[in-house]
There are 2 protein chains.
Amino acid sequence: MNFTLDDALPVLRRTPDVVRVLLWDIPDCWAEATEGPDTWSPFDIVGHLIHGERTDWMVRTEILLTYGETRPFTPFDRFAQFEASRGKTLQELLDTFAGLRAANLIRLESLGLTAEDLERRGRHPELGPCTLGQLLATWVAHDLSHIAQIARVMGRQYTAAVGPWRVYLPMLGTPPP
Amino acid sequence: MNFTLDDALPVLRRTPDVVRVLLWDIPDCWAEATEGPDTWSPFDIVGHLIHGERTDWMVRTEILLTYGETRPFTPFDRFAQFEASRGKTLQELLDTFAGLRAANLIRLESLGLTAEDLERRGRHPELGPCTLGQLLATWVAHDLSHIAQIARVMGRQYTAAVGPWRVYLPMLGTPPP
């Protein structure tokens, strides 16, 4: 599927509500669940989404539109949420994410981007040259990937509890031999 | 995590809203997207969830409580939605799913199940003996697995569009060599 803003915006707009409905007031055993050491809980993932709103998508869009390929994006900190989310409730994080996303989409729409603009080029600090369309498509795919991750982390808490049904649920992974 | 109704019910209750927020009024290019031949679109997945409400979870719960291991569950038709959803809109399917789930959770709660009841045994036609707790845990994990699937199917539509970022998004699969 080619990237267009008309397809992408309806997904970007609803992500905060999807995450809110999945997690608002959910028992802590789900919000704090992980897939093992050094993996993220739903709480951690919401913090990561917040950090993306603050430092990644629109910030990089503006760097790309201002500097093109001459200035690489600032590297993204994949672990910032562990410090930034400390002491906050999940409800606070969900509200913060929703507010930041709404503001970022207002910024995005105010740019009045054309199909030609989507071909404009920037530079990722590790991946090299990229287009604005690729950056914005990644915003969408990144949202969906973390929605899938939240559902997977939660579902895997019942890997043992489902008993014999595990073989019908590939998301839970293959049982040990 | 051990299965308890107190943990499971908040997840089962919110699934219809999660799916609704993800898909209500989404452009058709997302609702009809698949991962290739013989894979399911978000539209197909909602039809499958409806069929589960009609023929699987509570129906099997009642067979188990009535007949124990003496009567195997009726086999589940994994393809019923292709006929049943024909001619319906996604909005109709989302409403149908929400109505059926709400009614099923009323039935479930009306049973007043105890921790001992969760150990009661039934018989799956292929998997053999199982407990009520395992059946109900599977209901939860099945919901979460299909939420993850909807997000994955949608996200993978941008596998090419994200360009170089694909290597950071494992959900999109490994690029060909």
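The values are calculated or read from the model by the stated rules, or taken from the named source; none is laboratory data. Just so we're clear, the structure is a prediction, and the values are computed from it rather than from any experiment. Cβ sites come from the backbone with ideal geometry, for glycine too, and all protein chains shown count toward neighbours. Surface accessibility is based on the protein's heavy atoms, side chains included, excluding ligands, DNA and RNA. Shrake-Rupley method; radii C 1.70, N 1.55, O 1.52, S 1.80 Å.
Things to note:
- Accessible surface comparison of A:GLU32, B:GLU69, probe 1.4 Å, protein chains only, largest first: the order is A:GLU32, B:GLU69.
- For chain A, the mean residue ellipticity at 222 nm estimated from helices alone is -18000 deg cm²/dmol, where every DSSP H run of n ≥ 4 contributes -39500 (n - 2.57) and the total is divided by all residues, rounded to the nearest 500.
- Spin-label pair B:TYR67/A:ALA115, simplified geometry with 7 Å Cα→Cβ offset, distance in nm: 5.9
- In Å², nearest 10: area of B:VAL59 left accessible to a 1.4 Å probe: 50
- The Kirkwood radius of region A:1-119, taken over pairs of alpha-carbon atoms, gives through the Stokes-Einstein law at 20 °C and 1.002 mPa s a diffusion coefficient of 135 µm² s⁻¹.
- Expressed as a whole percent, the proportion of Cα-Cα pairs in region A:77-117 lying more than 15 Å apart is 60%.
- Shape descriptor for region A:89-162: Rg over Rh equals 1.12 (Cα atoms; Rh from the Kirkwood inverse mean 1/r).
- Relative contact order of region A:1-151, pairs being alpha-carbon contacts under 8 Å that are 6 or more residues apart, as %: 33
- On Cα atoms only, tilt of B:90-110 relative to the major axis of chain B in degrees: 20
- Degrees between helix B:57-67 axis and first principal axis of chain B (Cα, 0 to 90, nearest 10): 20
- In region B:52-94, trypsin sites (Lys or Arg not before Pro) in a DSSP loop with at most 12 other beta-carbon atoms within 10 Å: B:ARG78, B:ARG86
- Remark on A:ARG120: its backbone amide H falls under 5 Å from those of A:LEU132, A:GLY133, a criterion applied only to residues 5 or more positions apart or on other chains, H modelled at 1.01 Å from N.
- Principal-axis analysis of the Cα atoms of chain B puts helix B:5-23 at an angle of about 30° to the longest axis.
- Cα-based shape type of region A:52-109, given that a ≥ b ≥ c are square roots of the gyration tensor eigenvalues and the cut on a/c is 1.5: oblate
- Per residue, the protein assembly as shown exposes 44 Å² of solvent-accessible protein surface, assessed with a 1.4 angstrom probe and all protein chains in place.
- Residue of chain A whose Cβ sits closest to the axis mapping A onto B, with distance in whole Å: A:ALA148, 2
- Shape category assigned to region B:33-177 from the gyration tensor of Cα positions, a/c cut at 1.5: prolate
- Where Rh is the Kirkwood radius over Cα pairs, Rg/Rh for the protein assembly as shown: 1.00
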